[in-house]
Every structure is written in C-alpha cells, then in structure tokens.
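Chemist: My questions will all concern the structure given below.
Every number in this text was worked out from the coordinates using simple rules, so none of it is lab data. Just so it is clear, the structure is predicted and the values come from calculations on it, not from any experiment. Here the Cβ is made from the backbone with ideal geometry for all residues, glycine too, and neighbour counts use every protein chain on show.
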Amino acid sequence: MIKLAIVSPCYNEEAVLRDSSKELSALFDRLVMKGKIAEDSFVLYVNDGSGDRTWQIITELNRENARICGLDLAHNVGHQNAIMAGMMTARHGSDAVVTIDADLQDDLNAIEEMIDRHSEGADIVYGVKVSRQADSWSKRTSAQMFYRLLEYMGVKTVYNHADFRFMSKRALDALAEFPERNLYLRGMIPMIGFKTATVDDVISARLAGNSKYTLRKMLSLATDGITSFSTRPIEMIITAGAGMLVIAFCMLCYVIGSLLLGIYASGWASIMCSIWFIGAALTLSVGIVGTYIGKIYIEVKHRPLYIIKEQVGDGGKQEETGRGNTEK
C-alpha cells in the first residue's frame, strides 16, 4: 500500500469544494478497503489567492475530516505554480501524488488504474482525455488547437493530457531539481525520463460552478509552453527574414530592369505597403525575441514561485529551502 496525496489547486471554488470532498473521501474509502492505499492518505487543497470563501471552507472541511488538508498561498500565483506548491509540500508526507482540478471533471475511477500502473513499475502515469463531450464546443476546440500548436512548435508533451497525473515520490524529487520559474509542467514532467504509462480519462460535467480556465489563461499557458521549451519561433523568424531578403533582391532586380528599360511609374502605394509590411515583421520579431529575453530576466531573479501563508492538516511539510517560501 502507498500513502497517496491528492493535490488540487483551487481558485474561487467555494461552489464545488464540499461536493468534491465528498467524492474524494468516498474514493479514499474504496481504495483503502481494496488495500490500494494507506489509511492516512490525504487530500491537499491549494488555495491560490481566492477572493471568495474557498479557504474558509477548506479549514472547515479539515475540522470535519482529518484527511482534508489545506495550503493557503499568500496571493494568486497561477494554476501551474499552485500545483507545484501542492506537490512540493505533499511529497514530504506521502509516497505518491495525484494532481486533479477541484471541479473533478477528470475521471476519479482512473486513479485506481494509475495506482495499478505504478505497481507495475511506472513512476509517472498520465490521464489522457479520450472524450470531452462534457466540455463546450469552444473549450473543446480551443484545447485541441492548443495541443496541435504545441506539437507543431516542437514542445514534447502528452497529447490530450492536462494536469491529471500520478507521480511517485522519486519522480517528485526529480521534478524538484528543475530550476525553472516559468512553469509549464506538461512540458517539464516528460523530461524527467522515468518509466511512464497512460490511462483513459473521460471528462464529465463540473459538479458546480464555472470553469476558471479562460481563453486568456490558455493562451498564456501556450505562450509559456512554447517560449520555455521551444526555439522554433526564433527559427521561423530567421526563415522569414531569409525569405524577405530573397523578395527584396527580386524587387531590386525588377527596379533596376525597369529603370534600364524606362518602364516605371511613380507612386507611393507600393512603397507604403512595403514599409508597413517590413515594420510589422520587425516589430513582431522584436516582440518574440523580447519574450525570450523576458523569460531570462525572470529566471535570473530566482524569486520564490509561491509563498505559503497558512497550512492546515498533516498534509506534508514545506521544504526548508527550495522553490517556495513560508510566510512567518
């Protein structure tokens, strides 16, 4: 049996927390009865600077059920950083961690299969979405475009896998060695290199509330994934620049030929179009290169990814040194 920790990031999830806790408690009871996990396994909710009663509900749940633990971050640090805070805290008091969003749209039944794959030797088990019928058309379409974009950009990820995964303590310790401040866990974890497996994940409707993962946040996540793991945008800029040089050379030949033959007409339209085109291309290029420079700027500061304001329950302990700081 393993001592399992389920880490769940929360941002304004007061509408769903109690229902989610009932589902997770029932899951734990089933897994304990089957001898799959230890009795002292626990849930660790990570409150990511919520503006509603999320933290109050977590503390109430902890008083009602010792299995429910909580981590209150000092301010909103984002979904990926909140997951990292939970994993790095839970790894000290557990043998393995499963990360899942608080809305429990992912298939809870897949967790037992993840444990079985771990018993067969896998250190990392990914939940891969095989059905997204419960998602809206816009969310389903944007998610598919997101994965295709990352694949085209050369980012090594597991297709149709979000952040529903199982990680052994050994894998978590390896992940703790990654120094990145711009987190994209879906790209970082496949780089660990330990034995992996996948399980099917059938998405269901949210128990309550609305999704907090907006299109803007998805675009931001895609930007982090591309700029943190791929240099293909820079390669595309070089290719585009070479193409523009070829076009410019052809235009030069055309202008010289027109002058020699006396076949030319004065006008400003073509000149203005060329100026605007080149200006836009240069601006875009500088912006992309600037994004990479900005990433370097953030990395060299070595600021903490998160600051823990308060912790309830025996859900692991915060590491003394490393990626996060505990507020005194």
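Chemist: By count of other Cβ within 10 Å, fewest leading, how are H75, H161, H118, H92 ordered?
Modeler: If I rank by nearby Cβ atoms, fewest first, I get H75, H92, H161, H118.
Chemist: Can you tell me the length gained on complete extension of the stretch S204 to R30, counting 0.36 nm per residue apart and subtracting the Cα distance?
Modeler: That pair, S204 and R30, stretches by 60.6 nm at full extension.
Chemist: Report the label-to-label distance for E177 and R53 in nanometres (one decimal), using points 7 Å from each Cα along the Cα→Cβ vector.
Modeler: Placing both labels 7 Å along Cα→Cβ, they lie 4.6 nm apart.
Chemist: Now a separate question. Scan the stretch 39-74 for chymotrypsin sites (Phe, Trp or Tyr not before Pro) in coil per DSSP, keeping those whose Cβ has at most 10 other Cβ atoms within 10 Å, and list them by number. Mind dumping the intermediate values first?
Modeler: Numbers: sites: F42, Y45, W55; in loops: none.
In loop regions of the stretch 39-74 (DSSP not H, G, I, E or B), there are no sparsely surrounded chymotrypsin sites (Phe, Trp or Tyr not before Pro).
Chemist: Using label points projected 7 Å from each Cα along Cα→Cβ, tell me how many nm separate Y292 and M236, to one decimal.
Modeler: Each label point is offset 7 Å from its Cα along the Cβ direction, giving 1.4 nm.
Chemist: Return the FRET efficiency for the residue pair S142, D314: r is the Cβ-Cβ distance, R0 is 45 Å, and the value is rounded to the nearest 0.05.
Modeler: Once the sixth-power term is evaluated, E becomes 0.70.
Chemist: Now for a different question. Please give the length that would be gained between E299 and R63 if that part of the chain were fully extended, namely 0.36 nm times their separation in residues minus their C-alpha to C-alpha distance (nm, one decimal). All intermediate terms of the calculation are to be shown ahead of the outcome.
Modeler: Values: separation 236, 0.36 × 236 = 84.96 nm, distance 3.92 nm.
Here the segment from E299 to R63 would lengthen by 81.0 nm.
Chemist: Could you please rank D48, D29, placing first whichever residue has the fewest other Cβ atoms within 10 Å of its Cβ?
Modeler: D29, D48
Chemist: As a footprinting exposure proxy, order V97, V32, V246, V43 by other Cβ within 10 Å, with the fewest listed first. Intermediate values should be presented prior to the final figure.
Modeler: Details: V97 25, V32 16, V246 10, V43 29.
Arranged by neighbour count, lowest to highest, V97, V32, V246, V43 become V246, V32, V97, V43.
Chemist: Which of the trypsin sites (Lys or Arg not before Pro) found in the stretch 1-52 are loop residues per DSSP with 11 or fewer other Cβ atoms within 10 Å of their Cβ?
Modeler: The qualifying sites are K34.
Chemist: Which links in K3/K295; K22/K309; K34/K156; K36/K195 stretch past 28 Å when you go from one Cα to the other?
Modeler: Violating the 28 Å Cα-Cα cut-off are K3/K295; K34/K156.
Chemist: Continuing with this model, one more query. What trypsin sites (Lys or Arg not before Pro) in the stretch 138-172 are in a loop by DSSP, with at most 14 other Cβ atoms within 10 Å of the Cβ?
Modeler: K156
Chemist: Any idea which of A90, L71, I57 is furthest toward the positive side of the dipole for the stretch 28-111, if Lys and Arg beta-carbons carry +1 and Asp and Glu beta-carbons -1?
Modeler: Value: A90.
Chemist: State to the nearest 20 debye the size of the charge dipole of the stretch 42-159 about its Cα centre, where the only charges are +1 on K and R beta carbons and -1 on D and E beta carbons.
Modeler: Once rounded to the nearest 20, the dipole reads 400 debye.
Chemist: Return the aspartates and glutamates within reach of K129: Cα separation strictly under 15 angstrom, same-chain partners fewer than 8 residues apart disregarded; answer none if there are no such residues.
Modeler: In chain and number order, the partners are D101, D106, D107, E113, D163, D200, D201.
Chemist: Ok, one more. Round to the nearest 0.05 the FRET efficiency obtained for I271 and L245 when R0 = 30 Å and r is the Cβ-Cβ distance.
Modeler: 0.95
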